[in-house]
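Please read the structure below before turning to the comments.
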Amino acid sequence: MDRARAGRRVLMVERDKIGGTCINVACIPTKALVESARTLRLTRRAAEMGVAVEGEPTVALDLLRRHKETVVAGMVDAHRDMFAESGMDFVLGTARFLAERTVAIDVADGSRRFVSGVDVVINTGTSPAVPDIAGLDAAEAWTSETILQLERIPESLLIIGGGYIGCEFASMFATFGTAVTIVHGGAQLLPREDPDVAETVAGALRSQGVEVRLGSRAASVDRPIPGGRIIVAMADGSAVEGSDLLVATGRAPVTAELGLDSAGVEVTEAGFVEVDDHLRTTAPHTWAAGDVTGGMQFTHLSWHDFRVIRENLSGGDAATTDRLVPYTVFTTPELARVGLTETEARARGHRVRVATLATAAIPRAKTARDTVGTWKAVVDGDTDLILGAALFGRDSGEVVTALQMAMLGGLRYQQVRDAVITHPTMGEGLNLLFDALGGDDG
């Protein structure tokens, strides 16, 4: 859009999701539903806060669906308007490379166009990855996208996969009243996290009624009666059963039908587009951004990719090296992360100091009667610089930005510890967290 506004000729092709995956079938609809779940949880606790509510609050499926759909529709409409306002040529259809920087477009209206450009950006994203498990195709399992259609609130939900997607849906549906079981082949949930952090999250999920089964992979899936209960047989010989099944085993690149060979664009063994640290592909004047490049799959990282490519298209030298990328897992409470884990810091040879704080020690958490969680920070013992943090608790996704700014600014932990932070806020917990490292004035 920026280049179109500047008077350049720009064409964008989108198959079916105006605004992209995030707005339509990922971040935005899921977080809208997370907020619904949190509202339900808070309403159930109204008496603790001195508020009388008549009757038992429940989920109204039609209202829940309307909430999600109106949030999504509003953002889709906003993007459609922005595309039109920019002056670019926006085409609903499917493009395939015929040669370098040349595509054939099968337009949604049935027509066909052939277009060549000076520069091309590939930003086709990912779609849910479905593992090769016997019987899975016939079981009518949900993916992280199809479950958002909200056909029903399941009586019981089996989730294959204990990563970020699986944990978010587990927390959400447990609050909605579903009996949830997570099946995960690894030794811990959230494999990217430190074991102690992952276990804290698992403990919170268990307290919400989620059954967490670790260390055994799903071997087969069976739904003997169409529309009936689903049985997942495990590799260890056990089995779990539920009314519905969600497969949350990651996402795969949307590259198979792009004709990338014809464009001279190489992909990894997994199908992601090969890029360098300037987001250049192996073909001249052909760039790639976002999830399709195979990095961490976050919308905010895709936005930074856009900034890198925008500068480089104008002759700059922007790169993706040394990016400090925070993220949040929107369970309830949420897990916010930035920088290195303790495990990663030790592996890199840092002399590590670790600060921990129970969320219950933060005054704001006490006033909200929302004290579940633990904060953890990793500090370099030689330089006193903050290497990373994992904040599990109320509003952690908001607080982690302050730590990110401190790390970008090269602040020592003592400077954060001694900063004057508004009381009572969750951010004030940073004073308490780093105070746990002792009285060293640095």
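Quick notes on this one:
- Enumerated strands (runs of 3 or more DSSP E) restricted to region 74-171, each holding at least 1 residues that are in the same structural domain as Leu258 (by TED's automatic domain parsing), touching a Gly at 6+ places or on another chain (Cβ under 7 Å) and touching a residue at least 40 places away in the same chain (Cβ under 8 Å): 89-99, 102-107
- Boolean, Leu357 is in a strand (DSSP E or B) and over 23 Å from Arg323 (Cα atoms): yes
- Among the candidates Thr58, Thr30, Thr102, residue that is of a type in the set (Ser, Thr, Tyr) and exposed (fewer than 13 other Cβ atoms within 10 Å of the Cβ): Thr58
- Going through (1) in contact with a strand residue (DSSP E or B) (Cβ under 7 Å, 6 or more places away or on another chain); (2) within 26 Å of Ile23 (Cα to Cα) one by one, Ala78 falls short only on (1).
- Of the set (1) over 30 Å from Gly294 (Cα atoms); (2) modelled with pLDDT of 95 or more, all apply to Gly227 but (2).
- Filter pass, Arg346 being under 24 Å from Ala390 (Cα atoms), of a type in the set (Lys, Arg) and under 23 Å from the mean Cα position of the chain (by Cα): no
- Matching entry among Thr374, Thr401, Thr356, Thr425 (being of a type in the set (Val, Ile, Thr), surrounded by 18 or more Cβ atoms within 10 Å (Cβ to Cβ) and not assigned by TED's automatic domain parsing to the domain that holds Val51): Thr374
- Of the residues making up region 217-228, just one is in a loop (DSSP other than H, G, I, E, B) and surrounded by 16 or more Cβ atoms within 10 Å (Cβ to Cβ), namely Arg223.
- Of all residues in region 147-162, exactly one satisfies the criterion of being touching a strand residue (DSSP E or B) at 6+ places or on another chain (Cβ under 8 Å) and closer than 22 Å to Ile23 by Cβ, namely Ile147.
- Counting only residues that are of a type in the set (A, V, I, L, M, F, W, C), over 29 Å from Gly410 (Cβ atoms) and in contact with a helix residue (DSSP H, G or I) (Cβ under 8 Å, 6 or more places away or on another chain), region 273-328 holds 4 of them.
Quick grid of which residues meet (1) under 20 Å from Val183 (Cβ atoms); (2) in contact (Cβ under 8 Å) with a residue 12 or more places away in the chain; (3) outside the structural domain of Glu14 (by TED's automatic domain parsing); (4) touching a strand residue (DSSP E or B) at 6+ places or on another chain (Cβ under 8 Å):
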{"residue": "Arg217", "(1), (2), (3), (4)": "yes, yes, yes, yes"}
{"residue": "Asp222", "(1), (2), (3), (4)": "yes, yes, yes, yes"}
{"residue": "Gly228", "(1), (2), (3), (4)": "yes, no, yes, no"}
{"residue": "Val232", "(1), (2), (3), (4)": "yes, yes, yes, yes"}
{"residue": "Glu241", "(1), (2), (3), (4)": "yes, yes, yes, yes"}
{"residue": "Leu245", "(1), (2), (3), (4)": "yes, yes, yes, yes"}
{"residue": "Ala256", "(1), (2), (3), (4)": "no, yes, no, no"}
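- Test: Asp305 is surrounded by fewer than 13 Cβ atoms within 10 Å (Cβ to Cβ), among the charged types (D, E, K, R) and at pLDDT 95 or above: no
- Residue in region 65-73 that is more than 20 Å from Ile153 (Cα to Cα) and either surrounded by fewer than 16 Cβ atoms within 10 Å (Cβ to Cβ) or modelled with pLDDT under 95 (or both) present: yes
- Each residue in region 242-267 was checked for being surrounded by fewer than 17 Cβ atoms within 10 Å (Cβ to Cβ) and not in a strand (DSSP E or B), and 7 pass.
- Screening Thr321 on (1) outside any helix (DSSP H, G or I); (2) hydroxyl-bearing (Ser, Thr, Tyr); (3) buried (at least 17 other Cβ atoms within 10 Å of the Cβ) shows it passes everything except condition (3).
- Just so you know, in region 367-386 the residues that are assigned to a strand (DSSP E or B) and more than 26 Å from the chain's Cα centre (by Cα) include one that is nearest to Pro195 (Cα to Cα), and it is Asp380.
- Whichever residue in region 294-311 is touching a residue at least 24 places away in the same chain (Cβ under 8 Å) and of a type in the set (D, E, K, R) and, among such residues, is farthest from Val267 (Cα to Cα): Arg310
- Against the conditions (1) closer than 18 Å to Val34 by Cα; (2) touching a helix residue (DSSP H, G or I) at 6+ places or on another chain (Cβ under 8 Å); (3) assigned to a helix (DSSP H, G or I); (4) of a type outside the set (A, V, I, L, M), Pro57 satisfies every one except (3).
- Answer from Asp277, Asp196, Asp291 - the residue that is closer than 25 Å to Ile309 by Cβ, in contact (Cβ under 8 Å) with a residue 40 or more places away in the chain and part of a helix (DSSP H, G or I): Asp291
The values are calculated or read from the model by the stated rules, or taken from the named source; none is laboratory data. Given the structure is predicted, the values throughout are model-derived calculations rather than measurements. Glycine gets a Cβ as well: all are built from the backbone with ideal geometry, and neighbour counts include every protein chain shown.
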